[in-house]
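Working notes, beginning with the structure itself.
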Amino acid sequence: MRLEALDGGDAGAVSAALAAALDGTRPLALGFTPGAGDVVPEGTAAVIATSGSTGVPKRVVLSAAALRASAAATAQRIGSGQWLLALSAGYVAGLQVLVRAHLAGTEPALLEGRFTPASFVAAGDGLGPGPRYTSLVPAQLATLLDAAGDPDVRRVLRSFEAVLIGGQALPPALRERVADLGVRIVRTYGSSETAGGCVYDGVPLDGVRVAAVDGEIRLSGPTLADGYLRDDELTARTFVADATGARWYRTGDAGTIADGRVAVTGRIDNVIVSGGVNVSLDRVERAVRTVPGLEGAVVIAVDDARWGQGSAIVAARAADPAGPAASGPVAQGALLAAARDRVADEVGAAARPGRLLLLDELPLLSSGKPDRRAIAALAAAHAVADTSPGG
């Protein structure tokens, strides 16, 4: 079957085309323009272009059955009703908001223009009576929490039966702030390859199976993608069959499973070598985010002529609303010292970050996730601004 390209940023167009996509008559290409050879199998609903967390471009083939299974399992877990779309429909999390609304027989509320507290409130007020739901990334949640002094923002946030939070780990400070506000959040784990979040608050959705193989989280069940468009080699590496013939998705995430609950510790490949010791930058980032003023920090590694290849660098906003302002070398030095001490205690001395890069704004991808490549480029450009040695 041939694909029809749609702009994922045009939520209205994607929503209008969804019924035909889900019945298999009009499979959608989201995030790319299909070529003459881009033919998909019967039953395909959408192909989503994504680089995931690895930066490697991929085109994920999702069947209508997988999208429907994911939406049905979500409804079984948290309920069904009206949905507010605050994400791009070109990403699986945004697309699934539309699928859930469609299967619930409700009209989704589409946020107009740029995401702001005001546009979120306007979209929320456009929903009718009954159970309501939405899906956000942590950066959007932080924006709303920063504006929660506005009674309308508080009112709309509290009106949702559940706010799904995915895309990246939620910093502990944000979890505490949202709990204090009385907003019910559900942390989700999944990817385009699993038709969106398939593990909620650590517990797999009905029908989803989880396993840890050599420290890597693997997922199985009816929500799995068919594979990658025109990339049989990557499909074979990523989707593997067990002895019973069941397909499993190799997530590339490190983690554990205890009493049926999934705990993700980071990317298997997000590791540097410091002083001969393997250091997980995901663990470093989690430790750094517990420091007041660095709750939204991002930890990256760059090649650094002064401190050595693979130095860990903390990037943060110059004045994070969740913590004290960090202006001037004294405040910056104190924040870096606090981060280094916290990392030494929780991860080890070899993992201590070498620099703190303060930015007016952290670059974000259109999905709302930190743009780690752009941050790394800024860090390299600001290498001369080092204020403390690494190691």
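The values are calculated or read from the model by the stated rules, or taken from the named source; none is laboratory data. Computed from a predicted model, the values in this text were never measured in an experiment. Cβ sites come from the backbone with ideal geometry, for glycine too, and all protein chains shown count toward neighbours.
Pairs meeting the criteria (first residue in region 31-45 and without any contact (Cβ under 8 Å) to a residue 12 or more places away in the chain, second residue surrounded by 12 or more Cβ atoms within 10 Å (Cβ to Cβ), beta carbons under 9 Å, at least 6 apart or on different chains) are 35/230.
A count restricted to region 336-361 and to residues that are within 13 Å of residue 313 (Cβ to Cβ), assigned to a helix (DSSP H, G or I) and in contact with a Pro (Cβ under 9 Å, 6 or more places away or on another chain) stands at 4.
Each row is one residue, and each column tells you yes or no for (1) at pLDDT 70 or above; (2) hydroxyl-bearing (Ser, Thr, Tyr); (3) closer than 23 Å to residue 138 by Cα; (4) in the same structural domain as residue 140 (by TED's automatic domain parsing).
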| position | (1), (2), (3), (4) |
| --- | --- |
| 311 | no, yes, no, no |
| 330 | no, no, no, no |
| 374 | yes, no, yes, no |
| 380 | yes, no, no, no |
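Specify which of the listed residues (95, 87) is buried (at least 24 other Cβ atoms within 10 Å of the Cβ) and in a loop (DSSP other than H, G, I, E, B). Going through 95, 87 in turn, just one is buried (at least 24 other Cβ atoms within 10 Å of the Cβ) and in a loop (DSSP other than H, G, I, E, B): 87. Test of understanding: among 122, 101, 69, 118, which residue is buried (at least 20 other Cβ atoms within 10 Å of the Cβ) and closer than 18 Å to residue 163 by Cα? Just a single option satisfies the conditions, and that option is 101. Yes or no: residue 207 surrounded by 13 or more Cβ atoms within 10 Å (Cβ to Cβ), under 19 Å from residue 43 (Cβ atoms) and assigned by TED's automatic domain parsing to the domain that holds residue 59? Yes. Scanning region 271-293 for residues that are in a loop (DSSP other than H, G, I, E, B) and either among the hydrophobic types (A, V, I, L, M, F, W, C) or in the same structural domain as residue 211 (by TED's automatic domain parsing) (or both) yields one hit, 291.
Out of everything in region 158-197 that is among the basic types (Lys, Arg) and modelled with pLDDT of 95 or more, what residue ends up being nearest to residue 235 (Cα to Cα)? By that ranking, first place goes to 187. When each of 156, 163 is tested for being in contact with a Gly (Cβ under 9 Å, 6 or more places away or on another chain) and of a type in the set (Val, Ile, Thr), the lone residue that passes is 156. Looking at 33, 74, which is the one that is among the β-branched types (Val, Ile, Thr) and more than 22 Å from residue 166 (Cα to Cα)? Sole residue among the options that is among the β-branched types (Val, Ile, Thr) and more than 22 Å from residue 166 (Cα to Cα): 33. None of 29, 19, 13, 49 is at pLDDT 95 or above and assigned to a strand (DSSP E or B) except 29. Taken together, 143, 116, 134 contain a single residue that is outside the structural domain of residue 291 (by TED's automatic domain parsing), of a type in the set (Ser, Thr, Tyr) and within 27 Å of residue 204 (Cα to Cα), which is 134. Kindly establish whether residue 135 is outside any helix (DSSP H, G or I) and among the polar types (S, T, N, Q). Considered against the rule, which asks whether it is outside any helix (DSSP H, G or I) and among the polar types (S, T, N, Q), residue 135 comes out as yes.
Give region 207-254 a look and list any residue that's touching a residue at least 40 places away in the same chain (Cβ under 8 Å) and of a type in the set (Ser, Thr, Tyr), or say none. Hits for region 207-254 are 223, 228, 238, 249, 251.
The residue that is nearest to residue 298 (Cα to Cα), among those in region 229-272 that are surrounded by fewer than 12 Cβ atoms within 10 Å (Cβ to Cβ) and touching a strand residue (DSSP E or B) at 6+ places or on another chain (Cβ under 8 Å), is 269.
In region 164-193, the residue that is surrounded by the most Cβ atoms within 10 Å (Cβ to Cβ) out of those that are in a loop (DSSP other than H, G, I, E, B) and in contact (Cβ under 8 Å) with a residue 60 or more places away in the chain is 166.
Of note, residue 19 satisfies the criterion of being surrounded by fewer than 18 Cβ atoms within 10 Å (Cβ to Cβ) and closer than 13 Å to residue 102 by Cβ.
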